[in-house]
Ligand SMILES: *Cc1c(COP(=O)(O)O)cnc(C)c1O
């Protein structure tokens with residue numbers, strides 16, 4: 001008798017549950033905000049990537065409403081057939097100008113933008129180097145491609161150098177998260193750009209968590225170290241996190257953007273983002289620029305406040321200066337238990353467990369927003385200090 005799918009999957013579920021790694025969703029019954037309704041209870045939200053509080057911003061919502069009136073709901077087709085509308089086009093131009101690139105290309109989301117590199121750039125004989133802690137979508141792009149995928153130790157430039165001298169390859173691509181999504185620390189972008197350049201390679205910087213947050217007015221991680229997309233640097237940014245909307249882009253020199261339009265399967269073979277969403281993103285982008293850095297400033301103040309209050313209560317944080325402030329717990333079951341206790345006390349702070357993070361490094365990932373108030377942060381720190389030190 002062949003094994004049945006049902007038996008096999010039931011067995012796998014058993015293992016997942018025994019390891020304390022079962023995943024379940026909780027359903028919100030309110031808009032994304034610093035406080036949300038979860039199973040009928042109002043809770044403080046420290047789990048969202050809505051770093052600038054724009055997901056429920058009245059100006060952005062109004063733009064989305066108007067755009068639905070004008071453009072309808074669906075885009076109806078892929079960009080190359082007849083789904084590319086003027087809000088998409090204007091958004092691409094606005095993003096390119098904002099980040100200082102020649103061109104930008106919109107994708108449905110960041111996952112698909114990252115996957116684009118496998119079909120558009122990588123061939124047999126090429127080498128793709130990636131940071132060990134890169135986002136799953138970058139890793140998947142490498143696995144989908146025929147290039148040789150190698151992962152270097154987290155942020156370790158000397159490991160990159162060693163790999164470059166030990167492996168034969170045609171062309172090099174190096175891909176890194178700019179701000180690591182589950183750690184909050186920042187990649188050595190200048191060093192990586194230099195090493196890539198020396199080897200005639202391309203550097204793909206995934207700035208899902210830096211775009212809108214770091215750099216002048218939120219221009220991103222590259223901007224924060226005096227670089228920009230162009231030359232041998234491509235920047236991927238997302239619109240579903242700090243910009244409170246949905247979608248993603250790759251920005252860089254025109255030749256690479258044109259090539260993505262020719263060859264990126266995750267661009268070509270999919271329905272375009274709804275034009276109303278592109279219009280909402282465009283408003284979100286201009287709103288951020290009009291605020292002239294005020295949103296990023298209040299976010300930085302919240303980060304500094306959270307770190308100071310945590311230190312004062314003896315709460316140990318991972319090293320990070322970004323809105324992502326994880327508390328390492330190690331054991332998955334413990335992380336899950338602490339997260340449940342926090343929820344009982346009115347704080348939504350989800351545990352992040354393997355395989356999202358390496359084995360034995362389960363954590364609480366505090367995500368701060370400019371929309372949090374100091375008193376909300378005080379409540380978080382109080383509840384954390386009760387629950388994290390406790391014998392759970
Ligand atoms: C969220 C995220 C993505 C995926 O972006 P989506 O638009 O949510 O698909 C890619 N890379 C990193 C580092 C991310 O955190």
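The values are calculated or read from the model by the stated rules, or taken from the named source; none is laboratory data. Worth saying up front: this structure is predicted, and the values here are computed from it rather than measured. Cβ atoms come from the backbone with ideal geometry, glycine included; neighbour counts cover every protein chain shown.
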Helices (runs of 4 or more DSSP H) fully within the stretch 124-205 counting 1 or more residues that are within 12 Å of the ligand (Cβ to nearest atom) and surrounded by fewer than 16 Cβ atoms within 10 Å (Cβ to Cβ): 136-144
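So, residue 304, is that one touching a strand residue (DSSP E or B) at 6+ places or on another chain (Cβ under 9 Å) and either modelled with pLDDT under 95 or closer than 30 Å to residue 95 by Cα (or both) or not?
Values: touching a strand residue (DSSP E or B) at 6+ places or on another chain (Cβ under 9 Å): no; either modelled with pLDDT under 95 or closer than 30 Å to residue 95 by Cα (or both): yes.
The answer is no for residue 304.
Each row is one residue, and each column tells you yes or no for (1) within 16 Å of the ligand (Cβ to nearest atom); (2) at pLDDT below 95; (3) more than 20 Å from the chain's Cα centre (by Cα); (4) buried (at least 16 other Cβ atoms within 10 Å of the Cβ).
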{"site": "16", "(1), (2), (3), (4)": "no, yes, yes, no"}
{"site": "33", "(1), (2), (3), (4)": "no, no, no, yes"}
{"site": "45", "(1), (2), (3), (4)": "no, no, no, yes"}
{"site": "50", "(1), (2), (3), (4)": "yes, no, no, yes"}
{"site": "54", "(1), (2), (3), (4)": "yes, no, no, yes"}
{"site": "58", "(1), (2), (3), (4)": "no, no, yes, no"}
{"site": "63", "(1), (2), (3), (4)": "no, no, yes, yes"}
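Condition first: under 13 Å from the mean Cα position of the chain (by Cα) and within 14 Å of the ligand (Cβ to nearest atom). Can you find one or more residues in the stretch 225-235 that meet it?
To start, the set of residues in the stretch 225-235 that are under 13 Å from the mean Cα position of the chain (by Cα) comprises 235.
Applying the additional criterion that residues be within 14 Å of the ligand (Cβ to nearest atom) yields 235.
Yes, the stretch 225-235 has at least one match.
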Test: residue in the stretch 282-290 that is within 16 Å of the ligand (Cβ to nearest atom), under 20 Å from residue 95 (Cβ atoms) and in contact with a helix residue (DSSP H, G or I) (Cβ under 6 Å, 6 or more places away or on another chain): yes
Subset of the stretch 87-110 [in contact (Cβ under 8 Å) with a residue 40 or more places away in the chain and more than 24 Å from residue 225 (Cβ to Cβ)]: 87, 88, 90, 91, 92, 106, 107, 108, 109
From the options 210, 247, residue that is modelled with pLDDT of 95 or more, under 17 Å from residue 190 (Cα atoms), buried (at least 24 other Cβ atoms within 10 Å of the Cβ) and within 16 Å of the ligand (Cβ to nearest atom): 210
Enumeration of residues in the stretch 211-233 that are touching a residue at least 40 places away in the same chain (Cβ under 8 Å) and closer than 17 Å to residue 193 by Cα: 220, 221, 222, 223, 228, 229, 230, 233
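Can we say residue 330 is surrounded by fewer than 22 Cβ atoms within 10 Å (Cβ to Cβ) and touching a helix residue (DSSP H, G or I) at 6+ places or on another chain (Cβ under 9 Å)? Steps first, please.
Working: surrounded by fewer than 22 Cβ atoms within 10 Å (Cβ to Cβ): yes; touching a helix residue (DSSP H, G or I) at 6+ places or on another chain (Cβ under 9 Å): no.
Answer is no for this residue.
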Residues of the stretch 100-115 that turn out to be more than 12 Å from the ligand (Cβ to nearest atom) and not in a loop (DSSP other than H, G, I, E, B), as a count: 3
Residue pairs meeting the criteria (Cβ under 6 Å; at least 6 apart or on separate chains; first closer than 19 Å to residue 185 by Cα and touching a residue at least 12 places away in the same chain (Cβ under 8 Å), in the stretch 120-140; second assigned to a loop (DSSP other than H, G, I, E, B) and within 11 Å of the ligand (Cβ to nearest atom)): 133/180; 135/181
